[in-house]
Amino acid sequence: MVEHTLLSTVINENACEVRSVDAGKIALARRQMLDDETYLRLAETFQALADGSRLKLIYALRVQEMCVCDLAAVVGVSESAVSQHLRQLRLLRLVKSRREGKMVYYSLDDAHIQLLLNVCLSHVRHEDEPAISGQQSAISSQLSAVSYQAPPPQSKIENLKSKMEG
């Protein structure tokens, strides 16, 4: 009996007690919704960032380009594992590579990746460091300056994936 009461209390705290639909809010939210492909790409990006090793790689690349050997030493995983992670990050356009002789160097694909990392770090640190308002202001101004860039057509993505697999 006590568990049932506790469960209903939790449910009531997370839901309205009276069902009331606000047509204006629904219409506004529907107009702002993105296409399904964009949500899929966002989910893929966040899935890639859900791995601690890949986040470490991105964090290491925020200030300088590095080769696989150096990244493996920094992150503490095998070169093979780093290569596999970088392949996935490259497919999602989170990192890019350039060849110099026999060396391949990796860097963040663009400033958006650094911005994404900064926003996530700000969110994670918000509980721990409430006095980061200066950093939050800087991130807010960066966010307002970022323009949305449409993703490449699916055919380009599939071509890139097939090149990487082949």
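The values are calculated or read from the model by the stated rules, or taken from the named source; none is laboratory data. Keep in mind that this is a model prediction, so the values were computed, not measured. All Cβ positions, even for glycine, are placed from backbone atoms using ideal geometry, and neighbour counts span all protein chains on display.
The residues on offer are 68, 74, 95, and the sole one that is out of contact with any Pro (no Cβ under 6 Å at 6 or more places or on another chain), aliphatic (A, V, I, L, M) and under 17 Å from residue 115 (Cα atoms) is 95.
Screening residue 82 on (1) aliphatic (A, V, I, L, M); (2) in a helix (DSSP H, G or I); (3) exposed (fewer than 15 other Cβ atoms within 10 Å of the Cβ); (4) at pLDDT 90 or above shows it passes everything except condition (3). Within segment 25-54, can you find the residues that are within 15 Å of residue 75 (Cα to Cα), assigned to a helix (DSSP H, G or I) and either at pLDDT 95 or above or in contact with a His (Cβ under 8 Å, 6 or more places away or on another chain) (or both)? Once the filter is applied, which keeps residues that are within 15 Å of residue 75 (Cα to Cα), assigned to a helix (DSSP H, G or I) and either at pLDDT 95 or above or in contact with a His (Cβ under 8 Å, 6 or more places away or on another chain) (or both), segment 25-54 yields 53, 54. Looking across segment 65-79 at every residue that is in a loop (DSSP other than H, G, I, E, B) and touching a helix residue (DSSP H, G or I) at 6+ places or on another chain (Cβ under 7 Å), the one that is farthest from residue 99 (Cα to Cα) is identified as 77. Of all the residues that make up segment 97-116, how many are touching a helix residue (DSSP H, G or I) at 6+ places or on another chain (Cβ under 7 Å) and closer than 16 Å to residue 49 by Cα? The qualifying residues number 3. Taking residue 98, is it at pLDDT below 95 and not in a helix (DSSP H, G or I)? No, not satisfied. Scanning segment 36-72 for residues that are surrounded by 13 or more Cβ atoms within 10 Å (Cβ to Cβ) and hydrophobic (A, V, I, L, M, F, W, C) turns up 48, 49, 55, 57, 58, 60, 61, 66, 67, 68, 71, 72.
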